[in-house]
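**Student:** What follows is a structure written as structure tokens; I'll ask about it next.
Please treat every number below as a calculation from the coordinates, not as lab data. Values in this document were obtained by computation on a predicted structure and should not be read as measured data. When we count neighbours, we look across all protein chains shown, and the Cβ atoms used for this are built from the backbone with ideal geometry, even at glycine.
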Amino acid sequence: MNYFKPISISLSPNVEKDDLHLALNLIIRPWLWRKGKAIAELEETFKKYLGVKYAISFNSGRSSFFAILESLKKLEPAFAEGSGVAMQAFTCNAVPNPVLWANLEPVYIDCSKDTFNIDVNDLKGKITVKTRVVVVQHTFGQPCNMDQVRAVCSEFPNIVLIEDCAHSLGAEFNNIKVGSHSKAAFFSFSRDKIISSVYGGIAVTNDEKLGEALRQAQGKMGLPNPFWIFQQLLHPILLHYLILPVYNFIDLGKVMLVVSQWLHVLSKAVSWQEKRGQRPDYFPKALPNALAVMALNQFNKLEKFNSHRQEIAEYYYKELANTSFVLPSRVENTKNVFLRFTVKHKKAHEIIYEAWHKQNILLGDWYTTPIAPFDTNIEDIKYIDGSCQTAEDLAKKTLNLPTHINISIKDAERIVNFLKAWK
């Protein structure tokens, strides 16, 4: 039976029984879907957890980032259409897209081959007088060295530093939680993040003017329509009870998932519009109450989730030592929450294929291209081939091992035994 049980790093991996019961309870109580007290409670919880003055919720991490950029355009005199926003490659199109939607210009910076985070030396060489924002991604839960990035940004007085904490809720740099090292930061509660409400996100800041502008932006965006909320509540229910149990049975589960998305019963993690740099009509929006309820339930389990991730990561470190796999670097003065345990191997794509088709183990849907997902039109996202060589090289060599709460040591052992056969 273990062979047929899928091991996945996506498809709502954090969902436990209490989350399913909550989704079932909410789906039959539509009067709680759009408005309610959970929105303010989630925002207050984040403020206290991060020690920030403002936390404003939105229906995704990209909506949160877009709201930050639009607010900065109104507040910062140096901002103008076409201003540069520096961000690393080896990322998802959910980062450059809000930049394009805000009529700004993405500037891609290469990443470090060791930490997968932004390459400070490449950043130095690509910042120009038109650069107004530097976005720091804490990739896979490994905090970036914020001291080094701040030192570069300090040479340019008009630059605003923003943290992309989509992978890293609970991670720390110099004993300070990520999201607290910059003028603004955004988090994601997408289906495969540290905590999940299928969609959702939050923007945080200590800046009073920016905080008030974000609150105004939230109000103007309005809430998603009831059907969109229904799709998100249905997602963990269908995945758990219907799709995952038959996911590798004559491809039935995969077909069911694709058909459900094609019929718009379930939403896609990334729409076809976003793969072309376009904005779907459900972004940007505020976070509806039902998803705030789901996110709060997950947030209450944050420490358990992250402790489990670190335990599974330590197992991988131990069992894969002295193998052909290059393991994640251990970085001083950081607390890595290991959203995924990302390893390198010269045959990474071959391993990913064999694991899925022969072992029912999904390893590595992030990032097999420098801007994910793989079918993103990079010209529409304004990425130029060859501009970030390390990111392009890593996309050929990396694969992700799951660490989420539904991965047991026995599951990790099954993964390790498969990997040890590769030379």
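**Student:** Filter region 191-238 down to the residues that are of a type in the set (Asp, Glu) and part of a helix (DSSP H, G or I), then identify the one that is farthest from residue 260 (Cα to Cα). Spell out the reasoning first.
**Tutor:** Initial filter on region 191-238 (of a type in the set (Asp, Glu)): 192, 207-208, 212.
Now drop any that are not part of a helix (DSSP H, G or I), which leaves 208, 212.
Numbers: 208: 43, 212: 39 Å.
Here the answer is 208.
**Student:** Sticking with this structure for a sec: Out of (1) crowded, with 21+ Cβ neighbours inside 10 Å; (2) in contact with a helix residue (DSSP H, G or I) (Cβ under 7 Å, 6 or more places away or on another chain); (3) not in a strand (DSSP E or B), the odd one out for residue 143 is which?
**Tutor:** Condition (2) is where residue 143 drops out.
**Student:** Hey, another quick one. For region 323-350, enumerate the residues that are in contact (Cβ under 8 Å) with a residue 12 or more places away in the chain and basic (Lys, Arg).
**Tutor:** First, the residues of region 323-350 that are in contact (Cβ under 8 Å) with a residue 12 or more places away in the chain: 323-329, 331, 333-349.
335, 340, 344, 346, 347, listed by residue number.
**Student:** Which is within 19 Å of residue 269 (Cβ to Cβ), assigned to a helix (DSSP H, G or I) and among the hydrophobic types (A, V, I, L, M, F, W, C), of 352, 378, 415? Show your work before the answer.
**Tutor:** Values: 378 fails: assigned to a helix (DSSP H, G or I); 415 fails: within 19 Å of residue 269 (Cβ to Cβ).
Checking each option against the conditions leaves just 352.
**Student:** On to the next question. When you go through 86, 55 one by one, which is the residue that is crowded, with 17+ Cβ neighbours inside 10 Å, among the small types (Gly, Ala, Ser), touching a helix residue (DSSP H, G or I) at 6+ places or on another chain (Cβ under 6 Å) and touching a residue at least 24 places away in the same chain (Cβ under 8 Å)? Explain how you work it out, then say what you get.
**Tutor:** Values: 86 fails: touching a helix residue (DSSP H, G or I) at 6+ places or on another chain (Cβ under 6 Å).
The unique qualifying residue is 55.
**Student:** Across region 279-299, which residue is surrounded by the fewest Cβ atoms within 10 Å (Cβ to Cβ) among those that are outside any helix (DSSP H, G or I) and under 19 Å from the mean Cα position of the chain (by Cα)? Reasoning before the result, please.
**Tutor:** Just the residues of region 279-299 that are outside any helix (DSSP H, G or I), to begin with: 279-288.
Filter once more, so that each one left must be under 19 Å from the mean Cα position of the chain (by Cα): 279-280, 282-287.
On the way: 279: 16, 280: 13, 282: 17, 283: 22, 284: 23, 285: 19, 286: 23, 287: 29.
If we take residues in region 279-299 being outside any helix (DSSP H, G or I) and under 19 Å from the mean Cα position of the chain (by Cα), then 280 is surrounded by the fewest Cβ atoms within 10 Å (Cβ to Cβ).
**Student:** Look through 390, 342, 398 and report the one residue that is of a type in the set (Val, Ile, Thr), touching a Pro at 6+ places or on another chain (Cβ under 7 Å) and farther than 23 Å from residue 278 by Cβ. Talk me through it step by step, then tell me what you get.
**Tutor:** Values: 390 fails: touching a Pro at 6+ places or on another chain (Cβ under 7 Å); 398 fails: touching a Pro at 6+ places or on another chain (Cβ under 7 Å).
From the options 390, 342, 398, the qualifying one is 342.
**Student:** Would you mind listing the helices (runs of 4 or more DSSP H) fully within region 1-106 where at least 2 residues are touching a Ser or Thr at 6+ places or on another chain (Cβ under 9 Å)?
**Tutor:** 38-50, 61-75
**Student:** Please pick out the residue among 185, 171 that is crowded, with 24+ Cβ neighbours inside 10 Å, closer than 14 Å to residue 68 by Cβ and out of contact with any Phe, Trp or Tyr (no Cβ under 8 Å at 6 or more places or on another chain).
**Tutor:** Values: 171 fails: closer than 14 Å to residue 68 by Cβ.
The match here is 185.
**Student:** Determine which single condition residue 71 fails, assuming it passes every other condition in (1) over 19 Å from the mean Cα position of the chain (by Cα); (2) surrounded by fewer than 24 Cβ atoms within 10 Å (Cβ to Cβ).
**Tutor:** (2)
**Student:** Now for a different question. Please determine, by comparing only the residues of region 317-351 that are touching a helix residue (DSSP H, G or I) at 6+ places or on another chain (Cβ under 8 Å) and among the charged types (D, E, K, R), which one is farthest from residue 391 (Cα to Cα).
**Tutor:** Ranking the candidates gives 319 first.
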